[in-house]
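Notes to accompany the following structure.
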Amino acid sequence: MKCYTCRFVAADEESSGYLLSGKASLPGCVHATCVAMVIAAQSVGTSYIYGAPQNSDVYGAMSALRSLGIKINDTGESITIEGVGVGGFTAAKNEVCVGNSTYVSCVILGTLVTHSFTSFIFNKENECNEVRGPSLLEADINELIEIFAPVGAKFLHNNLFPLVVTGVEDIAPLAERRVISSHFVKSSLLLACMNIAGQSRINAHGALPAYTEWLLKHYGADVQVSLQCEVDEIAICGQKELFATDVRIFPSRTHVLAVVTAALLSRGASVVIPRVLVDKGMRVVLDILVRMGGDISVSESLDGLHRLEVAASEMFGVEITSVELRFVLEALPVLCIICAYSEGITRIFGASELPAGLRKSLEIVVRGLTQCGIAATMSSDLLEIRGCGGEMLGGIEVDASNDERATDAFLLLCLISSAPIYIQGLDYKAAVCFAQILNSLNKGRGNFVLESIRGSF
C-alpha cells in the first residue's frame, strides 16, 4: 500500500520555508451549490451562480434538473440557470439521474414530492444501490420517505435504486415535530416547503450547517429561524414567488476550518478568509479556538457573511463541555490536532454521544497521535489529550483508513511535525484539495506537494 506525506518544496534557495499569508481562495461549498441550483431553477428569470466547484455532486444535480425541464449552461466560471418559478418542474421524459450522490437524491426528492407526476430516480450507472440500510447516508432517504409518505407522496422501491416517487400538489403545511439531525434531510424538507402553501415548520439540530436557509433568504423566501436550547425552529412560508439573482457560493465549513487551524499553528501566519457563513456550529468552533488562545477576529458584511482574520497563536488546553461538543462534531478530528499541539491538557466531555462513524474517525486520529508521542486517550465519555507545547515529533507512519476526516487531521499533522509523517490509506482527493488550499496562501515561496512511497518503512 502506498504511503503519502505532504511537504513544502521551496521555490528557490532564498525561500527558507512556507509562510501562510494573504487572502484565502477557497472552492465553493458543494452542498450549497446543489441547493442554489435547485432554488434558482424555481425562481423567475435567469440566475448566475459563481464559485461553484467542479464536483460529481454538482454534475449530478445539473443532470437531474435538466431532466426536469431546466435549461442550464456551465461555462466553468459560472452556472447559468433559467428558472421556471416555484412548482414549475415538468415530468422527466426518461429517468431522473442523480449521479452516485445521496445528497443530490435527497434534495431532488424534496422538490419532486410537491409535483404531481411520477419520477424514476436512478443513480449514474443505473445500478441497484441500496436506498435504505445501516449507513447514515442511506438512512437519510429512509427518513424522508417516512416524513413524506403520510402527507400523500407515494414511493415504490425494493430498498434499491431506482426509486419511484409520485408527488402531490395539495400538501398541508408541514409541522414536523421530530428534531432533524441530518443536514441532508433538513435541506430536502426546506426545498419541499418552498412549494407548500402556508407556513411550514421544522425542527433541526442547531449544529447543522445553515447554508440552505441563507440561500433561500438570498432568493427572497420568507424564512425565520429561532434557536431554542440546541434546536433551530425554522418557519418557511411556501409558494411565494422567488426572483432570479446572482450568487457567489461561499466555502464549506470544512475548508474554512482547514485554513483556520493551519494558520493558528503555522509560525508567522496571517490569513484572511472572506465570505464565511458563520452559523451556530461555526461560531462555537471559533469561540473554542479563541478560548484556547487563537488570534481570530470576525467581522460581518452586508450580505450576512463574515470575514475572518487569523494569525499564528500560542494555544493552550481547555475543557470542552458535552453541549459544545454537539456543535463541533464536524471539526473534532482537526480540533484534536490543535489540542495535541497546544500547551496543557484538553478534556472533551460527552464522547458517549458521538455518532459511530465519527467515533471511528477519532479512534484513528487518537491512535496516530499516540504514535507521535502524544498522551491521548478516549474512554466511553471522555476524550483527553495532553498537548506537547509545539514540539510535535514525526518520522512515523500512520494509517488514515481511507477516512476523509482522519486524512485532514493527519495532513495538518504533517504541517506541524518536526519530521515527515507518512500516511497510509489516505483519501487522495481530500489530500489534493488540502494542498491546493495551502498553496493559494503561499504564492511565490514554493508549494506543498504530496509525495508517495511504496509500502511501509
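Which of Ser200, Ser418, Ser270 has the fewest other C-beta atoms within 10 Å, and how do the rest follow up to the most?
Values: Ser200 22, Ser418 12, Ser270 16.
Fewest-to-most ranking of Ser200, Ser418, Ser270: Ser418, Ser270, Ser200.
So, with +1 on the Cβ of K and R and -1 on the Cβ of D and E, and no other charges, what is the size of the charge dipole of the chain about its Cα centre, to the nearest 20 debye?
That gives the chain a dipole magnitude of about 280 debye.
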Practice task
Add +1 for every Lys or Arg and -1 for every Asp or Glu among the other residues with Cβ under 13 Å from the Cβ of Val323, and state the total.
Solution key: -3
Fill in the blank from the handout: P(r) over all Cα-Cα pairs of the range 30-248, 5 Å bins from 0 to the longest distance, whole percent per bin, short to long, reads 1, 8, 16, 21, 22, 18, 11, 3, 0, 0
Practice task
Would you mind checking the tilt of helix 428-439 against the longest principal axis of the Cα atoms of the chain, expressed as 0 to 90 degrees and rounded to 10?
Solution key: 70
Problem - Angle between the chain longest axis and helix 30-41 axis [Cα atoms, degrees, rounded to 10] - result: 20
Exercise for the section: May I ask which residue of Ser67, Leu286, Val98 lies farthest towards the positive end of the charge dipole of the chain, with charges of +1 (Lys, Arg) and -1 (Asp, Glu) on Cβ and the Cα centre as origin? Expected result: Ser67
Handout entry: Helix 183-193 axis, angle to the chain major axis (alpha carbon atoms, nearest 10°)
Key = 30
Exercise for the section: Output the direction-averaged projected area (hull surface divided by four) of the convex hull of the alpha-carbon atoms of the chain, in nm². Expected result: 21.2
Handout entry: Positive minus negative residues near Ser187 (Lys, Arg vs Asp, Glu; Cβ under 15 Å)
Key = -4
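Working out 0.36 nm times the residue gap between Asp170 and Val449, then minus their Cα-Cα distance, what length gain in nm do you get to one decimal?
Numbers: separation 279, 0.36 × 279 = 100.44 nm, distance 5.54 nm.
So the extension gain works out to 94.9 nm.
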Handout entry: Computed [θ] at 222 nm, deg cm²/dmol, the chain (DSSP H ≥ 4; -39,500 (n - 2.57); rounded to nearest 500)
Key = -10000 deg cm²/dmol
Problem - Exposure proxy order (Cβ contacts within 10 Å, fewest to most) of Thr5, Thr75, Thr212, Thr377 - result: Thr75, Thr377, Thr5, Thr212
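Which percent, nearest 5, of DSSP beta bridges in the chain are antiparallel?
Values: 66 of 85 bridges.
The antiparallel fraction comes to roughly 80 percent.
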Handout entry: Distance violations [Cα-Cα > 29 Å] among Lys23/Lys360; Lys2/Lys360; Lys154/Lys240; Lys23/Lys280; Lys186/Lys240
Key = Lys23/Lys360
Problem - Exposure proxy order (Cβ contacts within 10 Å, fewest to most) of Cys29, Cys237, Cys433 - result: Cys237, Cys433, Cys29
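FYI, it's all coordinate maths here, none of it is from the lab. Just so it is clear, the model here is predicted, and its values are computed rather than measured. Here the Cβ is made from the backbone with ideal geometry for all residues, glycine too, and neighbour counts use every protein chain on show.
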